Amino acid sequence: MNRASSISAEEIAQFGRLAASWWDPSGPMRALHDMNPLRTNWNHQFFRSLSRPDGEAVKLLDIGCGAGIASEAYARLGYQVTGLDASAEAIAAAQSHQEISHPETGRGSLVYQQGAAEDFVAQGLTFDAISALEVIEHVTDAEMFLHLLSDLTRPGGLVAISTLNRTMRSLAIAKFGAEYVMRILPVGTHQWRKFIKPSELVRAARGAGLKMIDITGTLYAGAASRLTSDTRINYQAMFRKQ
């Protein structure tokens, strides 16, 4: 397998250019800041059920971690976190912020590495839990990416994915509204044709040996963002490795 097959150079370059302002809560990544507690806390409700026979903290891979907004949250929740991203600029920003914020608490730890999922698969690495937040809509091949996530998850482990549904509502609100009207996101952040319907995600995940165990919609409303039964725009799902 081509080690870079899941990576879109264009997407990585775009997010790399945003690295310097990634941690500005009112900057171009403010939507990630607003949604992060909602997403990581929902995932934690499932991840905390995991345990390791050696008694160590659960090993969690935050793939496509960017500058580490979710990675730091997971470390504070007590996980052994590895943040992986293909952007050298994003990883540098993540490491710089870690030196200031010191998110490791209790058994929690955090290390960052630049690279692709293929790199970790080639090394034979596996994790108890994987978090892929707003990543799958940016890769070159969603089905192939799900197989990589499955390869990186130990049997019985969990995989959390958040993404956007491909509906006319998401086109109007998450693409044109967010990028061109409200300017919540930088123009060009998303390609609507790469959004994935929940039914498509579940089917592709099943083919990769991942069984969905729960799904929820997420409603963006700034700091008041909340979970919802409506999955027509943003949603996240939890899968178990069979």
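Starting from the Cα gyration tensor of the stretch 1-116, multiply each eigenvalue by 5, take the square root, and state the resulting semi-axes largest first in whole Å.
Values: eigenvalues 111, 61, 34 Å².
Working from the Cα gyration tensor, I get semi-axes of 24, 18, 13 Å.
Assuming R0 = 25 Å, what is the FRET efficiency of Leu219 and Gln95, from their Cβ-Cβ distance, to the nearest 0.05?
0.15
Just the projected area, averaged over all directions, of the convex hull on the alpha carbon atoms of the chain: how many nm²? Numbers along the way, then the final one.
Numbers: hull surface 47.5 nm².
For the Cα atoms of the chain, the hull's average projected area reads 11.9 nm².
Through the Karplus equation 6.51 cos²θ - 1.76 cosθ + 1.60, θ set to phi - 60°, convert the phi angles of the stretch 198-210 into ³J(HN,Hα) values in whole Hz; use x for Gly and Pro.
x, 4, 5, 5, 4, 5, 5, 5, 4, x, 9, x, 10
If you average 1/r across every pair of different Cα atoms in the stretch 16-79 and take the reciprocal, what Kirkwood value do you get, in Å?
About 12.9 Å, per the Kirkwood formula over Cα pairs.
Just to check I understand the Karplus step: with θ = phi - 60° and J = 6.51 cos²θ - 1.76 cosθ + 1.60, what whole-Hz values come out for the stretch 41-49, glycine and proline as x?
Each residue of the stretch 41-49 in turn: 5, 5, 4, 4, 4, 9, 4, 5, 7 Hz.
Show the residues, 5+ positions off or on another chain, whose built amide H is closer than 5 Å to the amide H of Thr228.
When sequence neighbours closer than 5 places are left aside, the close amide H contacts are Gly217, Thr218, Leu219.
Could you look at the chain and say what percent of its accessible area is carbon and sulfur, using a 1.4 Å probe and all protein chains? Can you show the working numbers first?
Numbers: 5690 of 10580 Å².
After summing per-atom areas, the C and S share lands at 54 percent.
So what are the ³J(HN,Hα) numbers for the stretch 231-242, from phi and the Karplus equation (6.51, -1.76, 1.60; θ = phi - 60°), rounded to whole Hz, Gly and Pro as x?
These are the phi-based 3J(HN,Hα) values: 9, 6, 10, 9, 7, 9, 9, 10, 10, 10, 6, 7 Hz.
Would you mind giving the three semi-axes, in whole Å and largest first, of the ellipsoid equivalent to the stretch 67-168 according to its Cα gyration tensor?
23, 16, 14
Amide H neighbours of Ser131 under 5 Å, at least 5 residues apart or on other chains, H built in the peptide plane: list them.
The answer is Leu61, Asp62, Ile63, Ala160.
Which value at 222 nm does the chain reach when only helices count, each DSSP H run of 4 or more adding -39,500 (n - 2.57), with the total divided by all residues and rounded to the nearest 500 deg cm²/dmol? Could you put the intermediate results ahead of the total?
Numbers: 7 runs with 74 residues, N = 242.
After summing the helix terms and dividing by the residues of the chain, the value is -9000 deg cm²/dmol.
If the viscosity is 0.692 mPa s and the temperature 37 °C, what translational diffusion coefficient in µm²/s does Stokes-Einstein give for the stretch 116-158 when Rh comes from Kirkwood over Cα pairs?
Roughly 307 µm²/s, to the nearest whole number.
Any number yet on Rg/Rh for the stretch 192-242, C-alpha, Kirkwood?
With Rh from the inverse mean 1/r over Cα pairs, Rg/Rh is 1.03.
What are the residues whose amide H is under 5 Å from the amide H of Asp214, where those residues sit 5 or more places off or on another chain and H is modelled from the backbone?
Residues meeting the criterion, in which the H sits 1.01 Å from N, are Met238.
With no solvent and one point on each alpha carbon, what is the Debye value of log10 I(q)/I(0) for the stretch 128-242 at q = 0.14, 0.20 Å⁻¹?
Here the Debye-derived log intensity ratios amount to -0.56, -1.05.
Using 7 Å Cα-to-Cβ label points, what is the Glu143/Thr105 separation (nm, one decimal)?
4.3
The values are calculated or read from the model by the stated rules, or taken from the named source; none is laboratory data. None of these values were measured; they are calculated from a predicted model. Please note: Cβ atoms are built from the backbone with ideal geometry, for glycine as well, and neighbour counts cover all protein chains shown. Accessible surface areas use protein heavy atoms only, side chains included; no ligands, DNA or RNA. Shrake-Rupley method; radii C 1.70, N 1.55, O 1.52, S 1.80 Å.
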